[in-house]
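Participant: I'd like to ask some things about the structure below.
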Amino acid sequence: QVQLLESGGGLVQPGGSLRLSCAASGRTFSTYAMGWFRQAPGKEREFVARITWRDDSTRYVDSVKGRFTISRDNAKNTVYLQMNSLKPEDTAVYYCAVGVGVGAYDYWGQGTQVTVSS
């Protein structure tokens, strides 16, 4: 069992920045990857970014490449999402997730709201 807690969401103007954090607790020793997803009203949940725990391999959805950076602190079991040059289209609830196996996510946080608006 893994518990996840996201933080760092809020209201920001277009072009601004936010940094999301996700702290994992519980049985995290088998973590393969931690990632971020988001869901906007009326939209399906979409993948945003992920990082593997052992080799630091990162992957991003095309729409955030060059603007978002995912990073992690293995000792703290924490993953971060630095979001720069935010656009209104980035408005969504952002969810942290942990994958134990390859290619799937097994645990999810409660979500944190990110609103980009002037």
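Participant: Taking Rh as the Kirkwood radius, which is the inverse of the mean 1/r over Cα pairs, what is the Rg/Rh value for the chain?
Facilitator: Values: Rg = 13.4 Å, Rh = 14.1 Å.
Reported Rg/Rh (Cα atoms, Kirkwood Rh): 0.95.
Participant: Roughly what would the spin-label model give for ARG54 and ARG67, points 7 Å off Cα along C-beta, in nm?
Facilitator: About 3.4 nm, to one decimal.
Participant: With every protein chain kept in the model, how would you rank THR58, THR28 by accessible area, 1.4 Å probe, largest at the top? Provide the component values of the computation, followed by the final result.
Facilitator: Working: THR58 65, THR28 20 Å².
Greatest to least solvent exposure: THR58, THR28.
Participant: Grab the alpha carbons of segment 71-117, take their convex hull, and tell me the volume per residue in Å³. Mind dumping the intermediate values first?
Facilitator: On the way: hull volume 4.9 nm³, N = 47.
For segment 71-117, the hull spanned by Cα atoms encloses 104 Å³ per residue.
Participant: For the chain, give the percent of accessible area contributed by carbon and sulfur heavy atoms, probe 1.4 Å, rounded to a whole number.
Facilitator: Numbers: 2920 of 6160 Å².
C and S atoms contribute 47 percent here.
Participant: Using a 1.4 Å probe, what is the accessible area per residue for the chain, in Å²? Spell out each step's value before the answer.
Facilitator: Details: 6160 Å² over 118 residues.
Value for the chain: 52 Å² per residue.
The values are calculated or read from the model by the stated rules, or taken from the named source; none is laboratory data. Not measured: the values here are computed from a predicted model. Because the Cβ atoms are built from the backbone with ideal geometry, glycine has one as well, and the counts that use them run over all protein chains shown. Note: accessible area is taken over every heavy atom of the protein model, side chains too, but ligands, DNA and RNA are not part of it. Shrake-Rupley method; radii C 1.70, N 1.55, O 1.52, S 1.80 Å.
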